[in-house]
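Student: Let me give you the structure first, and then I'll get to my questions.
The values are calculated or read from the model by the stated rules, or taken from the named source; none is laboratory data. Please read these numbers as outputs of a predicted model, since none were measured by experiment. Methodologically, a virtual Cβ is constructed for each residue, glycine included, from the backbone with ideal geometry; neighbour enumeration extends over all protein chains shown. These area figures cover heavy atoms from the full protein model, side chains too; ligands, DNA and RNA do not enter into them. Shrake-Rupley method; radii C 1.70, N 1.55, O 1.52, S 1.80 Å.
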Amino acid sequence: MKNRKSFFFVAGILALLFLFGGTFITVYTDWLFFSDLDYQSIFAKILSTQLLLGFTFGLLSLVFIMINLFFANRAHFAPIELFFDGQTHISLNIAMLAKWVKPITAILGILAGLYIGLLGSSLWNEFLLFQNRLSVGMSDPFFNRDVGFYLFVVPWLEIIRNFITLLIFITLLIVLINYFLRGGIAVQEKNFSIDKRVRIHASFLAGLFIINIAFGLYLDQFQLLLSPQGIIFGAGYADVHARMYVLRVLVVLTVLSGVLFMAGALRGSRKIMIAPLGLTALVYVIGLLIYPAMLQSLKVTPNELALERPFIENHIRFTRFGYDLDRITVSPFDVSYTLTSKDLEKNNATIKNIRLWDDAPTQRTYSQLQQIRTYYSFKDVDNDRYWINGEYMQVMMSPRELSHDDLPSRSWINEKLVFTHGFGISMGPVSKISREGLPEFIIKDIPPVSSSNITVTRPEIYFGELSSDYIVIKTKVPEFNYPTSEGNVYTSYEGKGGVELSSVLKKAAFAVKFQTEKLLLSSDITPSSRILFYRNIIERARKIAPFLLYDQDPYIVVADDGRLFWIIDAYTASNRLPYSNPLNNKINYIRNSVKVVVDAYNGTVQFYISDPGDVIMKVYNTMFPKLFFPLSAMGNDLRKHIRYPKGFIQIQAKMFSTYHMTDPKVFYNKEDLWEIPAYGEEPIEPYYTIMTLPAEKQEEYILLLPYTPSKRDNLAAWIAGRCDEPHYGNLIVYTFPRDRLVFGPRQIDARIDQDSYISQQLTLWGQRGSKVIRGSLLIIPIESSLLYVQPLYLAAEDKGGLPELRRVILAFENNVVMEENLELGLQQLFGGRIASSLRTKATGDEKTSLEQLAKEAAQTYERLNELLRQGNWSGYGEELKKLGQILNKMTR
């Protein structure tokens, strides 16, 4: 007996170490991480809630299971006899077997309690939302419950239902195992017998299970408001006038069935046990499946609009609320084609900031011109705006991060102690071109060299998008800082980030966490050394606030003092808003409520509330009052760089393309359905630009995206997300008149293809071994007109080909031109010279040399002779027109 107890004790200790050893290490290292960032209260709140829920769920489960095992163990049964081929083969002594069955099932109960406790601890977010719930001030139309009930209460009630279901199922399974091994359930040849005590006990648990189903049916009433059936998302006519009433009846019938099931088991009456269940099942089939389908088919479908009208109104209202579409202002844009050179001069900032460099070609060009060493990498190109030398300018920029995968020697010392950080950024204007057709730079090279008032004083990037899992700084090994022509420059980390490895315990904990003994054994690590981990900025932010959704396109910002910071857009979201149409069958409520700022050098993380009206954000702010700050607390040098997120406006624009129709009849008939136009096979992405909005006097940084009517190519509207304060977050949709044609991207693209000169040039370049890359087609609103701009790049066919911006295609009204730069294109379209303040550099001195024009004239003359020999009079006329344009340029 004593040996058996010792065996179980040792086995239990080993099992706990096996199950929770890694958890203890994670908790300890995470505590150090949160302490380093001064977020101990956040960690303590989450951990204490996890422990509370784990203990509560685990204890309740353990008590319930043990009570059932107590009653099960009180019953005594005859010896077990196992029969094979009609003959008794084995007879087990029940007393001997019971000594093992009882402790084994008790251990199973303990393990089940631990398992359910672990599940419960993972539900801390749902519990805290329930505990700190707030009212939204908007009620559903049928139960008259505040929306907060669906966002915060219903999810927790469903968790309770699922917990009860799981607990009863596990308890029944353990109890049946106990009874079977002790003879309460006997198997003899083809006969199957159950002791009456077992039958009563199992029926009691089954009755509780049935009653819990009634609880689920009660919650299903609220799920009707999230029903995907019918013409809308949410409860329709058949749901409200059939399913809702039947569910209420089923709740009562199911409770009675559960009680009668237990009573029938006590009286030994199968009729009492089965008959109520049969009646309930019959009501379920007829009331929830057959009757609503017949009602829908025979009454609703023939009169669908009339009967579903109030439900369509609910659907529109809640969907617009879910995606914050009510804040969108709709304004007419009376398009005209009266744009003149004076209008262009008036909109100087817009013209000078037309983006000629797309992200993909720019990234390739930056990588080849500014990567410097193979172990550096530009992950992507970001778009922002700065005041540069007194001018409001749109720029493209990319951080030069360290890529550990590309290190020439990937030893542990190199990866974790020596090559610890990226270095600097590359920045350039979106519209300027060098003489070679390459982007110009405002900030370039290593160390960073600036040609403007924007300077980088702390170029080291320890935290970024490509950062590895951990590094150790302040070791005996110097850190590589940057390369020079004379040799490498080394440094030592001077920031305040990281956890000091000041004890053997810390070293051992991190050695276990990162599964390397080198942290414990390396002689290069001193007590003052620090470990930086969770260095990927999105992972770092998510570790602190895992309840937010994070945009996958963070961008880097240069502060006024020259330090580098990352800004990440974060969202609150839910899939519980009644009647709101879910996006991709997932969320149906979303807000861009948080701006996260991460110091690229120190790793500090700050969370700023950008949408204080969001109710979910209000609840989280109540939960974690020391985590969030108002947006006004962000430094002005960073706040002027916040921008409306591309991903968010894509979601809102997609929803608004349907839900701008607020009249139920128009919505039902889809009379005015819009869509995001496609260029090629992919939908057009929103793009940032600097422009003066209609009825405004000052240019500003906006995010723009056009609309076309469904299955049509002409433009219907465009949406603008305002990025500059004090208008940040405002959305405006400008609608075009329906009585005239406004060209869409596909139509402009077709006109470009139909232009014989442009088509021939593209073919000619393609035959010379160059790859022609047609950039994004941008639609630029200027005054009451639209200017279409598309950059054209040439690159060698091989993968290392450097994209060069060689032409700019412009379209206005019925005219399409292709020139070497934007200024020449505007001159071609609008005649005369554009003021010098509008010119875009193309050759470094803003003039096309006579030598280049003469060369182009000679080439055109040769093509004229060739077309003359071919008898291609259409092409001959186009080339002759082109030659005249070149000669006009030479005479100016």
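Student: Condition (residue is in contact with a Lys or Arg (Cβ under 9 Å, 6 or more places away or on another chain) and part of a helix (DSSP H, G or I)) applied to segment 243-254: is it met by at least one residue? Break it down stepwise before answering.
Tutor: Just the residues of segment 243-254 that are in contact with a Lys or Arg (Cβ under 9 Å, 6 or more places away or on another chain), to begin with: none.
Scanning segment 243-254 turns up no residue that is in contact with a Lys or Arg (Cβ under 9 Å, 6 or more places away or on another chain) and part of a helix (DSSP H, G or I).
Student: Please return the ranges of helices (runs of 4 or more DSSP H) entirely within segment 256-361 where 1 or more residues are more than 30 Å from Asp382 (Cβ to Cβ).
Tutor: Values: elements: 270-284, 291-295, 304-322, 341-346, 348-352.
By residue number, 270-284, 291-295, 304-322, 341-346.
Student: When you scan segment 770-787, how many residues do you find that are of a type outside the set (D, E, K, R) and either on the phi > 0 side of the Ramachandran plot or under 31 Å from the mean Cα position of the chain (by Cα) (or both)?
Tutor: Residues in segment 770-787 being of a type outside the set (D, E, K, R) and either on the phi > 0 side of the Ramachandran plot or under 31 Å from the mean Cα position of the chain (by Cα) (or both): 8 in total.
Student: Within the bounds of segment 269-276, is there any residue that is polar (S, T, N, Q), open to solvent by less than 40 Å² (accessible area, probe 1.4 Å) and farther than 29 Å from Phe142 by Cβ? Talk me through it step by step, then tell me what you get.
Tutor: Residues of segment 269-276 that are polar (S, T, N, Q), as a first pass: 269.
Next, only the ones that are open to solvent by less than 40 Å² (accessible area, probe 1.4 Å) stay: 269.
Those still in the list that are farther than 29 Å from Phe142 by Cβ too: 269.
Yes - at least one qualifying residue is present in segment 269-276.
Student: Let me ask another. Taking into account only those residues within segment 538-554 that are within 17 Å of Ala573 (Cα to Cα), of a type outside the set (A, V, I, L, M) and part of a loop (DSSP other than H, G, I, E, B), which is most open to solvent (accessible area, probe 1.4 Å)?
Tutor: Gln552
Student: Scan segment 254-272 and report the pairs whose first residue is farther than 19 Å from Tyr218 by Cα and whose second residue is among the β-branched types (Val, Ile, Thr) and at pLDDT 95 or above, with Cβ atoms within less than 7 Å and a gap of 6+ or a chain change.
Tutor: Filtered contacts from segment 254-272: Phe261/Ile210.
A quick yes/no check of all residues on (1) open to solvent by 40 Å² or more (accessible area, probe 1.4 Å); (2) touching a helix residue (DSSP H, G or I) at 6+ places or on another chain (Cβ under 7 Å); (3) not basic (Lys, Arg):
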site	(1), (2), (3)
Val147	no, no, yes
Ile160	yes, no, yes
Leu166	yes, yes, yes
Ile170	no, yes, yes
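Student: For Glu494, only one of the following conditions fails: (1) in contact (Cβ under 8 Å) with a residue 12 or more places away in the chain; (2) open to solvent by 30 Å² or more (accessible area, probe 1.4 Å); (3) among the charged types (D, E, K, R). What is its number?
Tutor: Condition (1) is where Glu494 drops out.
Student: Name the residues in segment 662-676 that are more than 12 Å from Pro709 (Cβ to Cβ) and open to solvent by less than 30 Å² (accessible area, probe 1.4 Å), would you? Give the steps one after another, and end with the answer.
Tutor: Taking segment 662-676 first, the residues more than 12 Å from Pro709 (Cβ to Cβ) are 662-669.
If the condition is that a residue be more than 12 Å from Pro709 (Cβ to Cβ) and open to solvent by less than 30 Å² (accessible area, probe 1.4 Å), then Pro664, Phe667 are the ones that fit.
Student: Based on what the data block shows, is Ala265 closer than 26 Å to Pro141 by Cα and open to solvent by less than 70 Å² (accessible area, probe 1.4 Å)?
Tutor: Values: closer than 26 Å to Pro141 by Cα: no; open to solvent by less than 70 Å² (accessible area, probe 1.4 Å): yes.
No; evaluated as a whole, the condition is false for this residue.
Student: Among Leu250, Leu282, Leu217, Leu256, which is at pLDDT 95 or above and under 27 Å from Val198 (Cβ atoms)?
Tutor: Working: Leu250 fails: under 27 Å from Val198 (Cβ atoms); Leu282 fails: under 27 Å from Val198 (Cβ atoms); Leu217 fails: under 27 Å from Val198 (Cβ atoms).
It is Leu256.
Student: For Thr420, all conditions in the list (1) over 30 Å from Ala795 (Cα atoms); (2) open to solvent by less than 20 Å² (accessible area, probe 1.4 Å); (3) β-branched (Val, Ile, Thr); (4) not in a loop (DSSP other than H, G, I, E, B) hold save one; what is the number of the exception?
Tutor: (4)
Student: Within the set of pairs 6+ apart or on separate chains, which have a first residue in segment 659-673 that is over 18 Å from Val330 (Cα atoms), a second that is among the β-branched types (Val, Ile, Thr) and surrounded by 13 or more Cβ atoms within 10 Å (Cβ to Cβ), and C-beta atoms under 7 Å apart?
Tutor: Filtered contacts from segment 659-673: Pro664/Ile312; Tyr668/Ile312.
Student: Another question about this same structure. Here is a list: Ile46, Ile90, Ile25. Which entry is modelled with pLDDT of 95 or more and farther than 25 Å from Gly109 by Cα?
Tutor: Numbers: Ile90 fails: modelled with pLDDT of 95 or more; Ile25 fails: modelled with pLDDT of 95 or more.
Testing whether each residue is modelled with pLDDT of 95 or more and farther than 25 Å from Gly109 by Cα leaves just Ile46.
Student: Arg309 - would you say it is in contact with a helix residue (DSSP H, G or I) (Cβ under 8 Å, 6 or more places away or on another chain) and either open to solvent by 60 Å² or more (accessible area, probe 1.4 Å) or modelled with pLDDT under 95 (or both)?
Tutor: Judged against the criteria, Arg309 is a match.
Student: Still on this structure: Could you say whether any residue in segment 472-484 is of a type in the set (Phe, Trp, Tyr) and either open to solvent by less than 30 Å² (accessible area, probe 1.4 Å) or part of a loop (DSSP other than H, G, I, E, B) (or both)?
Tutor: Going residue by residue through segment 472-484, those that are of a type in the set (Phe, Trp, Tyr) are 480, 482.
This time we only want the ones that are either open to solvent by less than 30 Å² (accessible area, probe 1.4 Å) or part of a loop (DSSP other than H, G, I, E, B) (or both), so: 480.
Yes, segment 472-484 contains at least one residue that is of a type in the set (Phe, Trp, Tyr) and either open to solvent by less than 30 Å² (accessible area, probe 1.4 Å) or part of a loop (DSSP other than H, G, I, E, B) (or both).
Okay, residues lined up against (1) touching a strand residue (DSSP E or B) at 6+ places or on another chain (Cβ under 9 Å); (2) surrounded by fewer than 18 Cβ atoms within 10 Å (Cβ to Cβ); (3) under 19 Å from Leu715 (Cα atoms):
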site	(1), (2), (3)
Ser759	no, yes, no
Lys771	yes, yes, no
Gly775	yes, no, no
Val789	yes, no, yes
Val808	yes, no, no
Glu813	yes, yes, yes
Gly825	yes, no, no
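Student: Next up: Test of understanding: among Arg410, Arg400, Arg355, which residue is basic (Lys, Arg), more than 23 Å from Leu693 (Cβ to Cβ) and either in contact with a Leu (Cβ under 9 Å, 6 or more places away or on another chain) or surrounded by fewer than 16 Cβ atoms within 10 Å (Cβ to Cβ) (or both)? Spell out the reasoning first.
Tutor: Values: Arg400 fails: either in contact with a Leu (Cβ under 9 Å, 6 or more places away or on another chain) or surrounded by fewer than 16 Cβ atoms within 10 Å (Cβ to Cβ) (or both); Arg355 fails: more than 23 Å from Leu693 (Cβ to Cβ).
Of Arg410, Arg400, Arg355, the one residue that is basic (Lys, Arg), more than 23 Å from Leu693 (Cβ to Cβ) and either in contact with a Leu (Cβ under 9 Å, 6 or more places away or on another chain) or surrounded by fewer than 16 Cβ atoms within 10 Å (Cβ to Cβ) (or both) is Arg410.
Student: Moving on. Taking the stated definitions as given, is Arg722 of a type in the set (D, E, K, R) and at pLDDT 95 or above? Steps first, answer last, please.
Tutor: Numbers: of a type in the set (D, E, K, R): yes; at pLDDT 95 or above: yes.
Considered against the rule, which asks whether it is of a type in the set (D, E, K, R) and at pLDDT 95 or above, Arg722 comes out as yes.
Student: Here's another thing I want to ask about it. Any residue at all in segment 375-397 that's over 30 Å from His727 (Cα atoms), among the polar types (S, T, N, Q) and without any contact (Cβ under 8 Å) to a residue 60 or more places away in the chain? Before you say what the answer is, go through the steps one by one.
Tutor: As a first pass, look at segment 375-397 and keep what is over 30 Å from His727 (Cα atoms): 375-379.
Filter once more, keeping what is among the polar types (S, T, N, Q): 377.
Filter once more, keeping what is without any contact (Cβ under 8 Å) to a residue 60 or more places away in the chain: none.
No - not one qualifying residue is present in segment 375-397.
Student: Here's something else I'd like to know. Just name the residue that is most open to solvent (accessible area, probe 1.4 Å) out of those in segment 731-754 that are in contact with a helix residue (DSSP H, G or I) (Cβ under 9 Å, 6 or more places away or on another chain) and in a helix (DSSP H, G or I).
Tutor: Here is the first cut: in segment 731-754, the ones in contact with a helix residue (DSSP H, G or I) (Cβ under 9 Å, 6 or more places away or on another chain) are 731, 733, 741, 743, 752-753.
Imposing the further condition that a residue be in a helix (DSSP H, G or I) reduces the set to 752-753.
On the way: Ile752: 4, Asp753: 76 Å².
Looking at residues that are in contact with a helix residue (DSSP H, G or I) (Cβ under 9 Å, 6 or more places away or on another chain) and in a helix (DSSP H, G or I), I get Asp753.
Student: Quick one: which residue in Lys595, Lys586 is free of Cβ contacts under 8 Å to residues at least 60 places away in the same chain and either of a type in the set (Asp, Glu) or buried (at least 21 other Cβ atoms within 10 Å of the Cβ) (or both)? Break it down stepwise before answering.
Tutor: Details: Lys586 fails: either of a type in the set (Asp, Glu) or buried (at least 21 other Cβ atoms within 10 Å of the Cβ) (or both).
Only one candidate passes the filter, namely Lys595.
Student: Here's a follow-up. Quick test of your reading of the structure: Ala360 fulfils all but one of (1) buried (at least 19 other Cβ atoms within 10 Å of the Cβ); (2) over 22 Å from Pro483 (Cβ atoms); (3) touching a Pro at 6+ places or on another chain (Cβ under 9 Å). Name the failing condition by number.
Tutor: Failing condition for Ala360: (1).
Student: Look at Leu225 and say whether it is crowded, with 21+ Cβ neighbours inside 10 Å and in contact (Cβ under 8 Å) with a residue 60 or more places away in the chain. So that I can check it myself, show each step before the final result.
Tutor: Numbers: crowded, with 21+ Cβ neighbours inside 10 Å: yes; in contact (Cβ under 8 Å) with a residue 60 or more places away in the chain: yes.
So Leu225 fits the description; yes.
Student: Pro527 - would you say it is more than 30 Å from Leu627 (Cβ to Cβ) and open to solvent by 40 Å² or more (accessible area, probe 1.4 Å)? Give the derivation first.
Tutor: Details: more than 30 Å from Leu627 (Cβ to Cβ): yes; open to solvent by 40 Å² or more (accessible area, probe 1.4 Å): yes.
Criteria met by Pro527.
Student: Determine if segment 155-168 includes at least one residue that is modelled with pLDDT under 95 and of a type in the set (D, E, K, R).
Tutor: At the first step, the residues of segment 155-168 found to be modelled with pLDDT under 95 are none.
No - not one qualifying residue is present in segment 155-168.
Student: Right, here's the next one. Scan segment 452-465 and tell me whether some residue there is open to solvent by less than 10 Å² (accessible area, probe 1.4 Å) and either without any contact (Cβ under 8 Å) to a residue 12 or more places away in the chain or in a strand (DSSP E or B) (or both).
Tutor: Looking for residues that are open to solvent by less than 10 Å² (accessible area, probe 1.4 Å) and either without any contact (Cβ under 8 Å) to a residue 12 or more places away in the chain or in a strand (DSSP E or B) (or both), one finds at least one in segment 452-465, hence yes.
Student: Given the criteria under 15 Å from Phe222 (Cβ atoms) and open to solvent by less than 40 Å² (accessible area, probe 1.4 Å), does Phe130 qualify? Quick ask: steps written out before the conclusion?
Tutor: Values: under 15 Å from Phe222 (Cβ atoms): yes; open to solvent by less than 40 Å² (accessible area, probe 1.4 Å): no.
The answer is no for Phe130.
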